[in-house]
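Down below is the structure, laid out as structure tokens.
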Amino acid sequence: MTARIELTDAAPHQTMTLEFPSDGVTLTGRVRVPGDKSISHRALMLGAIASGETRIQGLLLGEDPRSTAACFQAMGVTLSPLEDEWVRVQGVGLGNLQEPADVLNAGNSGTTLRLMLGILASHPDRYFAVTGDGSLRSRPMDRVIKPLTQMGAEIWGRQGNRLAPLAVRGQALQPIHYHSPVASAQIKSCILLAGLMTDGATTVTEPSLSRDHSERMLRAFGADIVVDADTCSATVRGPATLTGQTVVVPGDISSAAFWLVAGAITPGSDLVVENVGINPTRTGILDALRMMEADITLENPREVTGEPVADLRVRHSRLRAVSLSGDLIPRMIDEVPILAVAAIFAEGTTTIADAAELRVKECDRIAVMASQLASLGARIEELSDGLTIHGGTPLSGSIVDSYTDHRVAMSLAIAALRTKGPVQIQRAEAAAVSYPSFSATLARLCGLG
């Protein structure tokens with residue numbers, strides 16, 4: 001049997017069928033992953049509300065950043081065509097977004113909607129309506145609406161102002177000190193963005209540090225921002241003045257994680273993932289895989305526009321089970337689905353806890369990963385805030401579903417590398433949200449293209 005990866009379109013969805021020889025495939029070579037999604041969103045947003053031109057190199061061309069770009073274009077921001085070489089954003093200046101003529105559509109992007117709410121709510125005397133696709137309209141927005149309301153925002157939505165579509169009437173907001181009940185970069189970033197137009201200091205304190213891309217980029221654009229790592233706090237002082245910058249977007253470590261796990265679990269593999277952002281608030285996946293005794297090394301470490309970057313080399317190794325919880329989880333929250341795949345091929349029982357945040361992502365990632373990996377034969381149990389995975393059980397081909405979640409789709413595709421029999425992934429088009437070339441890259445690394 002030869003390896004095969006096939007895509008079948010049956011509008012409006014796509015099925016990916018993967019089948020590999022019983023003795024497996026070997027992944028070798030070098031690969032570059034798309035630009036970091038979190039940094040791409042923030043570069044577009046800050047470029048839009050800064051004064052002057054912002055130039056962005058390496059922008060992720062997935063569906064989520066395109067949703068961000070479209071929303072700000074609808075509010076009077078001029079952008080060049082979205083290309084990964086250079087994108088130019090002609091900012092309108094803080095407080096100068098136009099009232100849009102139509103409803104703003106964030107698509108499937110929770111980052112777009114949650115961060116943008118902080119900007120919209122702080123534009124006095126302007127009215128905005130925002131929505132998203134079916135998945136986004138089911139995700140809770142009260143986690144950012146609550147602190148914005150404390151600042152004086154006026155926001156209305158479905159089910160007690162929890163769900164989109166949302167209506168926003170911009171106000172002159174007041175600074176607050178918000179103690180977030182969870183470590184969430186989206187909550188923190190939304191409040192800090194709202195604080196840019198307040199008169200005074202707006203502070204967010206978290207139970208542990210979440211990713212800090214917003215703080216780094218706000219500082220680069222000229223905001224007065226102070227971070228206190230000891231108290232897990234960030235403070236921005238308004239009113240701010242932002243000036244357009246040149247931003248180079250590194251490769252997304254969340255996308256790199258799929259190849260790191262693929263290389264670690266596939267015998268004979270030796271992969272180098274180039275130009276990956278290794279921001280310490282995002283490298284929990286590296287720490288977790290090293291705890292599992294994965295063979296991962298950093299090569300050519302460097303810094304690019306304030307963000308640490310390196311090439312990551314991974315070779316097949318014998319993985320061991322671990323227990324993951326606490327402060328490590330916010331630093332790898334998006335990588336839990338693919339880490340669950342790694343745990344299937346580790347010796348022993350892996351436990352992942354303190355990850356309840358996964359239940360309010362593009363889908364309930366805890367429930368979906370448990371059910372879909374179980375369909376392939378994995379011994380996996382769903383916890384209220386995580387998963388228990390018993391390693392060492394062979395996987396068998398089956399029909400599984402991404403539930404329109406890009407990280408679920410790609411995680412299931414990596415699991416198929418070590419599965420006997422064909423795996424059909426329904427709604428596989430979800431991968432394009434963050435990694436449009438994923439299937440083509442997988443085929444190339446498997447020697448199929």
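Any read-out appearing in this document is the output of simple, stated calculations on the displayed coordinates, not a laboratory observation. Just so it is clear, the structure is predicted and the values come from calculations on it, not from any experiment. With ideal geometry, Cβ positions are generated from the backbone for all residues, glycine too; neighbour counts draw on all protein chains shown.
Shape of region 37-248 from its Cα gyration tensor (a ≥ b ≥ c, root eigenvalues): rounded if a/c is under 1.5, otherwise prolate when a/b > b/c, or oblate?
Details: a/c = 1.35, a/b = 1.08, b/c = 1.25.
Here region 37-248 falls in the rounded category.
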Problem set entry | Candidates per GluC sites (Glu not before Pro) in region 19-100, loop by DSSP, up to 10 other Cβ within 10 Å | Glu85
Exercise. What residues have an amide H closer than 5 Å to that of Gly107, excluding those fewer than 5 places away on the same chain, when H is modeled at 1.01 Å from N in the peptide plane?
Worked result: Asp133
Exercise. ³J(HN,Hα) across region 238-244 via Karplus (A = 6.51, B = -1.76, C = 1.60, θ = phi - 60°), whole Hz, x for Gly/Pro?
Worked result: x, x, 9, 10, 10, 10, x
Problem set entry | In Hz, Karplus ³J(HN,Hα) per residue of region 365-380 (6.51, -1.76, 1.60; θ = phi - 60°; x = Gly, Pro) | 5, 5, 5, 5, 5, 4, 6, 6, 5, 4, 4, 8, x, 5, 9, 9
Exercise. Applying the Karplus parametrisation 6.51 cos²θ - 1.76 cosθ + 1.60 with θ = phi - 60° to the phi angles of region 292-304, what ³J(HN,Hα) value in whole Hz is obtained for each residue in order, glycine and proline being reported as x?
Worked result: 7, 6, 5, 8, 10, 10, 9, 10, 6, x, 7, 10, 10
For this session: Indicate the gyration tensor shape class of the chain (rounded, prolate or oblate), computed on the Cα atoms with a ≥ b ≥ c the square roots of the eigenvalues: a/c under 1.5 is rounded; otherwise a/b larger than b/c is prolate and the rest oblate.
Result: prolate
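Considering only DSSP beta bridges whose two residues both sit in the chain, what percent are antiparallel, to the nearest 5?
Numbers: 63 of 86 bridges.
Just about 75 percent of them are antiparallel.
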Exercise. Which FRET efficiency value, to the nearest 0.05, do you get for Leu383 and Ala11 by plugging their Cβ-Cβ distance into 1/(1 + (r/R0)^6) with R0 = 56 Å?
Worked result: 0.90
Problem set entry | Nonlocal amide H pairs with Leu383, under 5 Å, H built at 1.01 Å | Thr388
Exercise. Ranking Trp259, Trp156 by Cβ neighbours within 10 Å, fewest first, what do you get?
Worked result: Trp156, Trp259
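With +1 assigned to the C-beta of every Lys and Arg and -1 to the C-beta of every Asp and Glu, and no other charges, what is the dipole magnitude of region 37-248 about the Cα centre in debye, to the nearest 20?
Working: 19 positive and 19 negative charges, 76 e Å.
In total the dipole reaches around 360 debye.
From the P(r) of region 67-134, could you give the percentage of C-alpha pairs in the tail past 18 Å? Could the numbers behind the result be given before it?
On the way: 841 of 2278 pairs.
That fraction is 37 percent.
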Exercise. What is the antiparallel percent of DSSP beta bridges lying wholly in region 142-208, to the nearest 5?
Worked result: 60
